[in-house]
Amino acid sequence: MVLLPQRLLQFTNWFSPKQNVILFDTPTAANEIAFMLGGEWDGCNGIVMNKCDEVAVNTAASLIQAQWCYSGAEVTYLTRLTANELLRRYQAGEKNFTNANLRGVTITSNKLVAINLSWAKLSGSNLWETNLSYADLTAADFTNTDLSLTNLSKTTLSMCNLTRANLSQANLKESNLYRACLKDADLTQADLTGANLTLADLTGANLSQAKLTFANLEGAKVVETELAKAELL
């Protein structure tokens, strides 16, 4: 885990509405430290503190060799995870992988329903035919990622970077793509029925034969976008 310098970390969290929600690298560590410091364990790898004493947290974390960060810290992320490690932890019941570094991983034809990969780094990865329905992928980086044939129905993809991503034949029904960047993305035959594309950037995207019935495109940037045979009604 990469941590911010102490003074910068304090400055960042002074303005953060989530300054008392902290995440640990394992649910076991979160449970133990919640007990030690009187926090409220969320049953996963996070705890809520009435007041976060960073010295106390660092001391407790060092005792059990755990690592931590504030929830939503954009520049703080877990050490690189392998595909096998992610799948093992998910199958054990862990679903919160906020800020995880998964660049270049291959996870195909797997079920990751309702997983939290918000702010995660997944550029250059292969997630072909993976079930990510109901997942929280807020602000995740999917640049050059293969998401073809994936199930992304009712998934939160707001502010995601999907530049040059392959989303051909993906199921994006009722997904939230608010302010998502889809520049040069391949959405051929993708199903975007009922999707929220408000203020999304679709510059250069290929939406040939895509289904956009009832999709919200208010404020979306559609420049040099291919819409041949797309269903727009």
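The values are calculated or read from the model by the stated rules, or taken from the named source; none is laboratory data. Every value quoted in this text rests on a predicted model; they were computed, and no experiment measured them. So basically every Cβ, Gly included, is an ideal-geometry build from the backbone, and we count neighbours across all protein chains shown. In case anyone asks, the SASA skips ligands and DNA or RNA and just uses the protein heavy atoms, side chains included. Shrake-Rupley method; radii C 1.70, N 1.55, O 1.52, S 1.80 Å.
Relative to the longest principal axis of the Cα atoms of the chain, the long axis of helix 54-63 lies at roughly 80 degrees.
The length gained by stretching the chain between Gln65 and Arg88 to full extension, at 0.36 nm per residue less their Cα-Cα distance, is 6.3 nm.
Counting Lys and Arg as +1 and Asp and Glu as -1, what is the net charge of the other residues whose Cβ lies under 14 Å from the Cβ of Asn131? Spell out each step's value before the answer.
Working: positive: Lys95, Lys111, Lys154, Lys173; negative: Glu129.
Surrounding charge for Asn131 is +3.
For Cα Rg over 2.2 N^0.38 Å, pick the label among [x] 1.09; [y] 0.99; [z] 0.93 that corresponds to the value derived from the coordinates. Comparing each candidate, only [x] matches the computed number.
On the chain, 51 percent of the accessible area sits on carbon and sulfur atoms, based on a 1.4 Å probe. Between Lys111 and Ala56, the modelled label-to-label distance comes to 4.1 nm, taking each label 7 Å out from Cα in the direction of the beta carbon. Here the Gaussian network model covers the chain, with springs between Cα atoms less than 10 Å apart; of Lys121, Lys51, Lys221, Lys51 fluctuates the most.
State in Å² the accessible area per residue of the chain; use a 1.4 Å probe, count heavy atoms of protein chains only, and round to the nearest integer. Heavy-atom accessible area per residue stands at 49 Å². Taking all Cα pairs closer than 8 Å and separated by 6 or more residues, the relative contact order of the chain comes to 10 percent.
Residues whose amide H comes within less than 5 Å of that of Gly194, counting only those at least five positions distant or on another chain, are Glu174, Thr213, Phe214, Ala215 (H built at 1.01 Å from N in the peptide plane).
Which net charge results for the neighbourhood of Gly39, defined as the other residues with beta-carbon distances under 11 angstrom from its beta-carbon, given Lys and Arg at +1 and Asp and Glu at -1?
Working: positive: Lys51; negative: Glu32, Glu40, Asp42, Asp53.
Summing Lys and Arg as +1 and Asp and Glu as -1 gives -3.
Working out 0.36 nm times the residue gap between Glu40 and Val222, then minus their Cα-Cα distance, what length gain in nm do you get to one decimal? Could you put the intermediate results ahead of the total?
Numbers: separation 182, 0.36 × 182 = 65.52 nm, distance 4.57 nm.
Contour length minus the Cα-Cα distance gives 60.9 nm.
If you take every DSSP beta bridge fully contained in the chain, what fraction is antiparallel? Give it as a percent rounded to 5. Looking only at bridges with both residues in the chain, the antiparallel portion is about 25 percent.
Compute the angle between helix 27-37 and the longest alpha-carbon principal axis of the chain, please, reported from 0 to 90 degrees and rounded to the nearest 10. In the chain, helix 27-37 runs at an angle near 40 degrees to the longest axis.
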